[in-house]
């Protein structure tokens, strides 16, 4: 009755022989490789409930005279296109998703339906593309509203995104290294001060010894008269 039924509606198909065909011919109706009606005299009819999974099924009639040994004849197939409203569930659009700050993350959401629905998402009324990696910041925390549309209708869904992050430990990453550096500089300064003072003392004592030596030599050269 139609090659484009909506999902959940009945589809009726009829196989008939053309005028003048042998009355001994029997018919069989197939949907892809599945037999919908086994061999029987013409006309042959079938009624099935169209499901979304039936989309793309090829319906065809086969004709043959039982026991005649002649080749099987097949009609031109009819392609079944099952129309379906958009659908989203916990599997296609998880309601809660966890991201990590600093990584590339994807908003996981897609919709089933026929024709394929157009999916759009937004956060705080700003468009946000699902299915594409985004570099994550803490600002991505919040609720994302997604909706899918095709000619049969629209479906909507909210997704909550949680962004996990680690605060910088300023005490250990900045303050402690700075204090260590200051301590090293102070220790180096103190060490240099001690070294410089000892060096001055050695020079002073060396000069004293040299002056005393010169005094002794002068007295030996010029003894008192």
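The numbers here are math on the coordinates, done by the rules we state, and not lab data. Keep in mind the model is a prediction, meaning the values are calculated, not measured. Ideal geometry is used to build each Cβ from the backbone, glycine not excepted, and the neighbour counts take in all protein chains shown.
Say R0 is 25 Å: what FRET efficiency, to the nearest 0.05, do residue 100 and residue 132 get from their beta-carbon distance?
On the way: r = 17 Å, r/R0 = 0.68.
Computed FRET efficiency for residue 100 and residue 132 comes out at 0.90.
What does the C-alpha gyration tensor say about the overall shape of the range 59-101? Classify as rounded when a/c is under 1.5, otherwise prolate if a/b is larger than b/c, or oblate. Display every interim value, and only then the final one.
Details: a/c = 6.35, a/b = 4.01, b/c = 1.58.
Taking the square roots of the gyration eigenvalues as a ≥ b ≥ c, the range 59-101 is prolate.
Indicate the gyration tensor shape class of the range 1-86 (rounded, prolate or oblate), computed on the Cα atoms with a ≥ b ≥ c the square roots of the eigenvalues: a/c under 1.5 is rounded; otherwise a/b larger than b/c is prolate and the rest oblate.
Working: a/c = 2.80, a/b = 2.39, b/c = 1.17.
Prolate, since a/c reaches 1.5 and a/b exceeds b/c.
Points 7 angstrom from Cα along the Cβ direction at residue 22 and residue 87: gap in nanometres?
Rounded to a tenth, the inter-label distance reads 4.5 nm.
How do the peptides 90-103, 139-152 rank, highest first, by the average count of neighbouring beta carbon atoms within 10 Å per residue?
On the way: 90-103: 13.7, 139-152: 16.2.
With the highest mean Cβ count within 10 Å placed first, the list reads 139-152, 90-103.
If a/c stays under 1.5 just call it rounded; otherwise compare a/b with b/c (prolate if a/b is bigger, oblate if not). Do that for the range 85-164, with a ≥ b ≥ c from the square roots of the Cα gyration tensor eigenvalues. Let's see the in-between values first.
Values: a/c = 2.31, a/b = 2.16, b/c = 1.07.
It comes out prolate by the Cα gyration axes.
Quickly work out the residue 47-to-residue 200 label distance, labels modelled 7 Å from Cα along the C-beta direction, and quote it in nm with one decimal.
Simple spin-label model gives 11.6 nm for this pair.
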